[in-house]
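To keep things clear, I will list the structure first and then write my remarks on it.
The values are calculated or read from the model by the stated rules, or taken from the named source; none is laboratory data. None of the values given here were measured: they were computed from a predicted structure. Don't worry about glycine lacking a Cβ; one is built from the backbone with ideal geometry, like all the others, and counts go over all protein chains shown.
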Amino acid sequence: MAEALDFTDCAALVERGDPVRFRAAMAAPVAARAVLFPLYAFNLEVARAPWVTAEPMIARMRLQWWRDALEEIAAGGVIRRHEVVTPLALAIRAEDVPVLLRLIDARDRDVEGEAFVDAAALWSYLEATAGGLIEVAARRLGGGADLAAPAGRALGLASWMMAVPALQAAGRPVLPAGADWAGLARDGLTEWRKVRRGMGAVPASAHGAFFPLAGFGHVLARAAKDPALIEADGLEPGPFAMRSRLALTAATGRLW
């Protein structure tokens, strides 16, 4: 019963803080949600840690708390009782912990809001964050982890581009040195298409790990065609279009 309540808490956290992944998890089979919701709730807590305080030391203490929780899970002994940690320990295995630790390390750069030195640094960040989450989800659901890197680059870039106006308002640098938005968007779209082509080889049980990408190929295509939409906050797709593409993806097992 306690685990069921924790699962509900994770779902509620994701629904409030990450509606894209919430809808994607709800489109997945019920059994997959026991993996996806704890992972997505963990990601949400880690991603927002650098933003909930103006004190870098406090932000890093929050990130260290999550590192310690993951180390407890990896050790296989007693873990701390927590609304996210407890179900996460049931959803992942020790082999997943290094991937999630890299995700936390990547988020550490958000504490100071450092600029990406070049496009390669941005791609590495996206692979570790969005890609790491997909890698663990795919592995736990039965396959497709080899597509996690391109999936993370595509989904992470689209999400990053949609967040540009908010990042700029917060005084954060957004465009890596030597890069341009159109070129990045074209590269991201190429990665999205790699995942779309590769989905046929992914077991149906693991399709849910890739559902968050539904609709984001169109976002990247629009950014490539008209990069001015990025800073103008014009990339956000309509909810009906995104839900329709998610429904098609869930029904066909092919990204739309």
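Mind checking which residues of the stretch 1-21 are modelled with pLDDT of 90 or more and charged (D, E, K, R)?
Asp9, Glu15, Arg16, Asp18, Arg21
Please tell me if Val219 is closer than 17 Å to Arg21 by Cα, buried (at least 17 other Cβ atoms within 10 Å of the Cβ) and either β-branched (Val, Ile, Thr) or in the same structural domain as Val99 (by TED's automatic domain parsing) (or both).
Yes; evaluated as a whole, the condition is true for this residue.
So is Gly178 on the phi > 0 side of the Ramachandran plot and modelled with pLDDT under 95 or not?
Answer is yes for this residue.
Going residue by residue through the stretch 71-78, is there one that turns out to be on the phi > 0 side of the Ramachandran plot and at pLDDT below 95?
Looking for residues that are on the phi > 0 side of the Ramachandran plot and at pLDDT below 95, one finds at least one in the stretch 71-78, hence yes.
Is it the case that the stretch 22-39 has a residue that's among the basic types (Lys, Arg), assigned to a helix (DSSP H, G or I) and modelled with pLDDT of 95 or more? Give the derivation first.
Looking only at the stretch 22-39, we keep the residues that are among the basic types (Lys, Arg), and these are 23, 33.
Filter again for assigned to a helix (DSSP H, G or I), leaving 23, 33.
Filter again for modelled with pLDDT of 95 or more, leaving 23, 33.
Yes - at least one qualifying residue is present in the stretch 22-39.
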